[in-house]
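The values are calculated or read from the model by the stated rules, or taken from the named source; none is laboratory data. These numbers were taken from a predicted model, which means no experiment stands behind them. Cβ: placed from backbone, ideal geometry, glycine included. Neighbour counts: every protein chain shown.
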Amino acid sequence: MSSAPLPPAILLMGPTASGKTAVALALAERFPVELVSVDSAQVFIGMDVGTAKPDAATIARYPHRLIDLITPEERYSAARFRTDALAAMAEITAAGKVPLLVGGTMLYFRALLHGLADLPQADPALRASIDAEAAASGWPALHAKLAVLDPSTAARLHPTDSQRIQRALEICRTSGRPMSELLATAGRETPPYDMLQIALLPSDRSVLHERIARRFDEMLLAGLDAELTALRRRYALDAGLPSMRCVGYRQAWEAQEGIIPRSELRDRGIFATRQLAKRQITWLTNSFAAETFDCLDPALAEQVGARVSRFLD
């Protein structure tokens with residue numbers, strides 16, 4: 001006697017500017033899916049321009065779950081995402097629809113698929129000590145220290161990725177073991193779904209870089225700087241918060257504080273976004289068993305739609 005088939009779910013993953021939202025909306029037009037955001041920046045209320053959050057009209061027509069959950073003063077974690085995402089998926093399935101999880105936060109996708117390692121809790125005193133080291137010698141120097149303690153983790157982090165370098169060093173110093181080793185021992189807690197994993201990857205990275213530049217220019221024109229100013233007036237923010245470490249906001253903050261010239265905001269923002277895309281592509285190619293589609297193909301939506309149609313038949 002065979003067991004009942006698992007309910008379907010679709011994971012739509014890709015780097016920034018790969019066209020994930022357009023494909024997701026096209027799928028929502030054709031299939032009984034409901035969208036779940038997998039984006040660590042779109043969880044923040046009021047951070048709309050710099051996160052490329054869908055506008056109100058789009059949200060009204062195609063509701064997205066896990067958007068606008070917390071204020072920029074608060075923190076969100078992969079563990080909380082997994083809990084929230086599984087709850088959303090269960091509700092969507094119970095309503096007779098298919099969960100379509102779409103986004104670019106690969107850590108969240110990994111947490112959903114495989115569960116989470118038993119990592120040490122945050123240590124405020126140790127974090128303050130690491131921040132003091134960074135203030136004295138710079139994050140690249142701490143990245144070099146991490147490369148000695150945990151080469152695998154350091155290899156996938158940019159030397160100025162302060163948030164992730166800090167956490168990796170904190171874990172090493174608290175547990176005495178590399179974060180990569182602890183993550184490798186995470187239990188395989190795959191959710192009870194038949195999941196189709198789709199990755200949108202560029203056949204030509206230079207074209208993706210052009211898209212990134214255009215989108216960052218659009219964010220600047222749409223008022224990224226003014227949005228950050230309004231957020232700082234409304235909330236008690238500082239440069240160390242995860243919300244203010246998001247790409248785009250970090251560079252705008254530094255420009256407002258005079259840390260970098262305003263004339264460099266555009267170039268630094270584009271460079272940081274390209275580095276983000278590079279990390280996302282590395283995650284996708286090394287850590288997921290996804291079916292890949294060329295995100296630069298004009299027929300992308302039709303191709304993904306055909307695959308989803310076969311999956312749901």
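At a glance:
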| quantity | calculated |
| --- | --- |
| Selected residue (criterion: nearest to Thr285 (Cα to Cα)) from residues of segment 22-39 that are surrounded by fewer than 21 Cβ atoms within 10 Å (Cβ to Cβ) and not acidic (Asp, Glu) | Ala22 |
| Cross-chain or 6+ apart pairs with Cβ under 7 Å, segment 241-260 first and farther than 21 Å from Gln280 by Cα, then surrounded by 22 or more Cβ atoms within 10 Å (Cβ to Cβ) and among the polar types (S, T, N, Q) | none |
| Yes/no for Trp283 being surrounded by 17 or more Cβ atoms within 10 Å (Cβ to Cβ), assigned to a helix (DSSP H, G or I) and under 14 Å from the mean Cα position of the chain (by Cα) | yes |
| Given (1) surrounded by 19 or more Cβ atoms within 10 Å (Cβ to Cβ); (2) more than 14 Å from Leu200 (Cα to Cα); (3) among the aliphatic types (A, V, I, L, M); (4) touching a residue at least 60 places away in the same chain (Cβ under 8 Å), number of the condition Ala290 does not satisfy | (2) |
| Inter-residue pairs, beta-carbon under 6 Å, first over 17 Å from Pro140 (Cβ atoms) and in segment 157-183, second β-branched (Val, Ile, Thr) and assigned to a helix (DSSP H, G or I), 6+ apart | Met179/Thr153; Met179/Ile171; Ser180/Thr153 |
| Selection count, segment 97-138, where residues are part of a helix (DSSP H, G or I) and either β-branched (Val, Ile, Thr) or crowded, with 20+ Cβ neighbours inside 10 Å (or both) | 6 |
| Checking Phe44 against (1) closer than 30 Å to Leu182 by Cα; (2) touching a strand residue (DSSP E or B) at 6+ places or on another chain (Cβ under 6 Å), the condition it does not meet | (2) |
| Index of the failed condition, Thr160 passing every other in (1) touching an Asp or Glu at 6+ places or on another chain (Cβ under 7 Å); (2) surrounded by fewer than 18 Cβ atoms within 10 Å (Cβ to Cβ); (3) not aliphatic (A, V, I, L, M) | (1) |
| Candidates Ala26, Ala57 - the one that is touching a residue at least 24 places away in the same chain (Cβ under 8 Å) and in a helix (DSSP H, G or I) | Ala26 |
| Search result, residues across segment 167-212 that are at pLDDT below 90, surrounded by 14 or more Cβ atoms within 10 Å (Cβ to Cβ) and touching a Gly at 6+ places or on another chain (Cβ under 8 Å) | Ala186 |
| Meets criteria (part of a loop (DSSP other than H, G, I, E, B), touching a strand residue (DSSP E or B) at 6+ places or on another chain (Cβ under 8 Å), of a type in the set (Val, Ile, Thr) and farther than 26 Å from Leu312 by Cβ) for Thr51 | yes |
| Selection status of Gln275, over 19 Å from the mean Cα position of the chain (by Cα) and either modelled with pLDDT of 95 or more or assigned to a helix (DSSP H, G or I) (or both) | no |
| For Val308: the one exception among (1) over 22 Å from Gln166 (Cβ atoms); (2) free of Cβ contacts under 8 Å to residues at least 60 places away in the same chain | (2) |
| Filtered residue count, segment 226-258, keeping only those that are buried (at least 19 other Cβ atoms within 10 Å of the Cβ) and farther than 21 Å from Gln163 by Cα | 1 |
